[in-house]
Amino acid sequence: MNRKSLREQIFKLLFRTEFNDPDEMEEQAQFFFDSGDMTVTDKDKEYIIGKCRKILDKTEEIDRLLDEKLEGWTVERLPKVELAILRLGTYEILYDDTVPTGVAINEAVELGKKFGEDGSGAFINGVLAGITGKERASKPGTGEGSPRGKGSSGGSISERKGDTYITRKI
């Protein structure tokens with residue numbers, strides 16, 4: 001499986017955790033892989049479950065940061081799809097050095113467009129851009145933007161107004 005497909009499976013498994021007790025994670029992961037929706041190697045399973053566990057271990061920190069960046073929203077009020085995507089994206093930005101910030105944001109936006117409500121991609125982009133402290137993610141190889149965790153060139157806050165997500169500079 002390629003990284004994009006693996007990320008989608010991590011999102012799907014992470015989404016399931018919203019509806020199940022954390023103690024049932026092992027059982028839910030088994031149901032997830034036995035569903036027949038995908039063919040994965042043992043190595044892929046290990047990677048998906050491992051990354052999902054790492055995200056769940058950091059959920060409290062991630063949610064606290066998301067709450068700081070959300071305007072007019074709280075983590076508890078977010079739709080579960082968007083919450084799972086934001087947790088995955090935030091984890092990749094802050095804790096996974098193997099994923100460039102721009103890739104983490106772009107892939108989260110794509111997941112939002114595919115699985116979220118109308119406007120989810122823009123909403124996710126705005127929140128994750130606020131987490132990075134930049135309005136746009138740096139483009140790999142261009143030298144634009146600042147390195148992960150260093151400096152800040154502004155940011156944005158996103159909020160939902162009815163069926164529309166609005167992103168504002170902060």
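Quick notes on this structure:
- Relative contact order (percent, whole number), the range 1-86, Cα cutoff 8 Å, 6+ residue spacing: 38 percent
- Net charge contributed by nearby residues that have their C-beta within less than 13 Å of I85 (K/R +1, D/E -1): -1
- For the range 6-144: relative contact order, % (alpha-carbon pairs under 8 angstrom, 6 or more apart): 21 percent
- Potential lengthening of the chain between T74 and R3 amounts to 22.6 nm, from the contour at 0.36 nm per residue minus the alpha-carbon distance.
- Among M25, M38, a tally of other beta-carbon atoms within 10 Å of each Cβ gives an order, fewest to most, of M38, M25.
Read the figures in this text as sums done on the coordinates, not as results from a lab. Since this is a predicted model, take the numbers as computed values, not measurements. Note: ideal-geometry Cβ built from the backbone for every residue, glycine included; neighbour counts use all protein chains shown.
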